[in-house]
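As C-alpha cells, the structure follows; a few thoughts come after it.
The values are calculated or read from the model by the stated rules, or taken from the named source; none is laboratory data. Computed from a predicted model, the values in this text were never measured in an experiment. Ideal geometry is used to build each Cβ from the backbone, glycine not excepted, and the neighbour counts take in all protein chains shown.
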Amino acid sequence: MLAICLSFVIDSVEPSGDGWRLTGKPDFHPRHWPCPGERFGIVTHEHGCHERAVDLTVAELTATHAVVLGIGGDLLRPGDYLFGERQTPPRTGGPSLDDLLGLTPSAAVVDWSPVESALGLTLPGDFKRFVGAHGSGVIDDHIGVNGIGGRFDMIEENELAWSFVRIEFGGHDSWSETADWRLGDATHWEPLRQDIPAWFHPGDDLIAWGSTVHTDTLFWHARAGTPPDEWTVVLKERGPLWEPFDAGFTETMTGLLTGDLQSRYASRWLGGPHSYDY
C-alpha cells in the first residue's frame, strides 16, 4: 500500500451547521484531493509550525472550499494547513509518458557520446530515447528536461547543479570557483555529514536531468556499481531537503503526471492538462 498525504490550505474559516466551512484549496495532484469521508488528523501553520491534533471528517470538497465535521474546527485559522493520510494500492498499467504528453513516438537516433564523455557516465536508455525523440523541453510549464545544447544543456545544467551541491556536501567554507571534485568523493565531505542524505554513499554520484521553475533540481542517484537503467530519481528542493523516488526517469514522470506518485514539491503543479513544449 502507498501512503498518500491529504492536505487543504485554509484561507478563511466560518461555522457551518454542525461543522466548519473552509475557503482555500486542496493541495497536491487532483487525485490526492481528500474525498468525502476521509479525515484530517493534524493542522499546522506554514512550514509545520504550531502543530495541533484534530479529528475532522471531510463532508464536502471542491477546488475552492471544504466543509469539515468533527473535533478541532475551532482551532483552525487562516493560513493553516490540514493534513491527513490515505492508504492506496499501487496502480498497474496505464498510459505511457508519450501518451500523457500528447507526443508521437519516434525512433530518432541521437549521438549522446559527447555528453556522456563530459559527464563521465553513461545515461539511462529511457531518458536518451525520450529526449532523442522529442528534444529537451518543459513538462506542464513546470519541469524542464535537459538535453543536448539549447536552453537546458545537459552539461551546463550539471556543472551548475554540482557546484551548489558541493557547497552542502563540503561545507560552505569549502566553496571554490574552480572546484571539480565528484560528489561521491568523501575526502571532500564535511565530517559530520549534516547536509548529506543518508542514502548517498562514497562512490555514488548525482546526475541532473531536469529542474523546476522553482529551482528544484531532479537528479538520478547514480549508485556505485549500479547500471544506469536502474538509477532512481531524487528531487532536491532549492533548500537542503531531498525527496527520493523508487523509480527511474520514465516511471517517475509518468507517476507524477497521473498522480500514482506524490511529490511534496512538484505534484501540485502537475495535475494537467499535460503538455510538452520544446
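Per-structure values
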item	result
Whichever residue in the stretch 89-101 is touching an Asp or Glu at 6+ places or on another chain (Cβ under 9 Å) and not in a loop (DSSP other than H, G, I, E, B) and, among such residues, is farthest from THR252 (Cα to Cα)	LEU101
Of the criteria (1) assigned to a loop (DSSP other than H, G, I, E, B); (2) assigned by TED's automatic domain parsing to the domain that holds ARG21, which one THR104 fails	(2)
Every pair of residues 6+ apart whose Cβ atoms lie under 6 Å, when the first sits in the stretch 221-232 and is small (Gly, Ala, Ser) while the second is part of a strand (DSSP E or B) and crowded, with 17+ Cβ neighbours inside 10 Å	ALA222/ASP205; ALA222/ILE207
Single condition TRP189 does not satisfy, out of (1) without any contact (Cβ under 8 Å) to a residue 24 or more places away in the chain; (2) touching a Ser or Thr at 6+ places or on another chain (Cβ under 7 Å); (3) of a type outside the set (Lys, Arg)	(2)
Where ILE143 falls short, out of the listed (1) among the β-branched types (Val, Ile, Thr); (2) farther than 18 Å from GLU243 by Cα; (3) touching a residue at least 60 places away in the same chain (Cβ under 8 Å)	(2)
The stretch 151-179: number of residues that are of a type in the set (Ser, Thr, Tyr) and in contact (Cβ under 8 Å) with a residue 12 or more places away in the chain	2
Residues being of a type in the set (A, V, I, L, M, F, W, C) and more than 13 Å from TRP162 (Cα to Cα) - total across the stretch 197-216	4
So PHE83, is it more than 30 Å from CYS49 (Cα to Cα) and in contact (Cβ under 8 Å) with a residue 40 or more places away in the chain	no
Total residues in the stretch 127-161, condition among the small types (Gly, Ala, Ser), closer than 19 Å to LEU270 by Cα and in a loop (DSSP other than H, G, I, E, B)	1
Residue within the stretch 38-55 that is crowded, with 19+ Cβ neighbours inside 10 Å, under 22 Å from PRO15 (Cβ atoms), over 25 Å from the mean Cα position of the chain (by Cα) and not assigned by TED's automatic domain parsing to the domain that holds SER263 present	yes
Qualifying residue in the stretch 77-86 (condition: part of a strand (DSSP E or B), over 30 Å from ILE148 (Cβ atoms) and among the aliphatic types (A, V, I, L, M))	yes
Residue check, ASP74 surrounded by fewer than 11 Cβ atoms within 10 Å (Cβ to Cβ), assigned to a loop (DSSP other than H, G, I, E, B) and either out of contact with any Ser or Thr (no Cβ under 8 Å at 6 or more places or on another chain) or not assigned by TED's automatic domain parsing to the domain that holds ALA133 (or both)	no
Filter pass, VAL213 being among the aliphatic types (A, V, I, L, M) and either farther than 20 Å from ARG238 by Cα or in contact with a Leu (Cβ under 6 Å, 6 or more places away or on another chain) (or both)	no
Residue list for the stretch 10-33, restricted to those being within 20 Å of the chain's Cα centre (by Cα) and crowded, with 19+ Cβ neighbours inside 10 Å	PRO26, ASP27, PHE28, HIS29, HIS32, TRP33
Members of the stretch 235-254 found to be within 23 Å of VAL131 (Cβ to Cβ) and surrounded by fewer than 22 Cβ atoms within 10 Å (Cβ to Cβ), listed by number	GLU243, PRO244, PHE245, ASP246, ALA247, GLY248, THR250, GLU251, THR254
The stretch 199-218, subset in contact with a Phe, Trp or Tyr (Cβ under 7 Å, 6 or more places away or on another chain) and under 21 Å from ASP141 (Cα atoms), residue surrounded by the fewest Cβ atoms within 10 Å (Cβ to Cβ)	ASP216
